[in-house]
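Report on the structure given below.
The values are calculated or read from the model by the stated rules, or taken from the named source; none is laboratory data. Since we're looking at a predicted model, the values are computed, not measured. Ideal geometry is used to build each Cβ from the backbone, glycine not excepted, and the neighbour counts take in all protein chains shown. The area values use the complete protein model at the heavy-atom level, side chains included, leaving out ligands, DNA and RNA. Shrake-Rupley method; radii C 1.70, N 1.55, O 1.52, S 1.80 Å.
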Amino acid sequence: LRAGFSSESIRLHLARLAIADSEGYGRAREDIGEYMVGEVQDNLDGQKLFDGSAMPQSQAAIDRQGKTLIAKHHLYDSYVFQLVPGGVAIGSDLIYAAPHHFGGKTGRGKKTEIKARPVLGVGTPQERAIGDILIAEIEALQ
């Protein structure tokens, strides 16, 4: 949050935004969705997790001397956002996205153990960016 904005003033501004924007923050939610998809892609490019820590390398990436989860860009390109009532949903419809995110056993007979690699998430930097998007939307209404 920017200096000078109390949580009460934020609540009041958000209520005002909801009244002024009959589509429920449509532009801000689209901006948030685009930002978060970009964050995921930046994380994959930079081989880091959403919290900024290094991504554990997969054996396949080590063997081919490449990047983890990005060999053919299928997962990278699959992340999308969708506006939902009162919010925005971000994710991938690929069946292997969840096992890579959460880790666990996968593959035929669940014989392959993979480490969790959460490239999608909201930490302090993402919260600040999303807050800035909402504040910009509020300021645009004034």
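Annotation: extensible slack from Glu127 through Asp77 equals 15.7 nm (criterion: 0.36 nm per residue apart, minus Cα-Cα distance). Between the alpha-carbon centres of the range 50-66 and the range 78-142 there is a gap of 19 Å. Extension gain, Ala116-Ala89: 0.36 nm per intervening residue step, less the Cα-Cα distance, totals 7.6 nm.
Using a cutoff of 8 angstrom between alpha carbon atoms and counting only pairs six or more residues apart, the relative contact order for the range 75-117 works out to 27 percent. Which loop-located chymotrypsin sites (Phe, Trp or Tyr not before Pro) does the range 36-125 contain, where loop means any DSSP state but H, G, I, E or B and the Cβ has at most 15 other Cβ atoms within 10 Å? Counting only loop positions with at most 15 other Cβ atoms within 10 Å, the chymotrypsin sites (Phe, Trp or Tyr not before Pro) in the range 36-125 are Tyr96. First check a/c for the range 45-86, with a ≥ b ≥ c the square roots of the eigenvalues of its C-alpha gyration tensor; if it is under 1.5, answer rounded, and if not, answer prolate when a/b is larger than b/c or oblate otherwise. Taking the square roots of the gyration eigenvalues as a ≥ b ≥ c, the range 45-86 is oblate. In loop segments of the range 49-142 as defined by DSSP, the trypsin sites (Lys or Arg not before Pro) with at most 16 further C-beta atoms inside 10 Å of their C-beta are Lys67, Lys72, Lys111, Lys115. Only protein heavy atoms count here; under a 1.4 Å probe, Val37 has an accessible surface of about 20 Å².
Classification of the range 36-107 by its C-alpha gyration tensor yields a prolate form. The axis ratio a/c (a ≥ b ≥ c) is 1.5 or more, and a/b outweighs b/c. Leaving out same-chain residues fewer than 8 places away, which lysines sit with a Cα under 19 Å from that of Lys67? Answer for Lys67, where 19 Å is the Cα cut-off: Lys48, Lys115, listed by chain and number.
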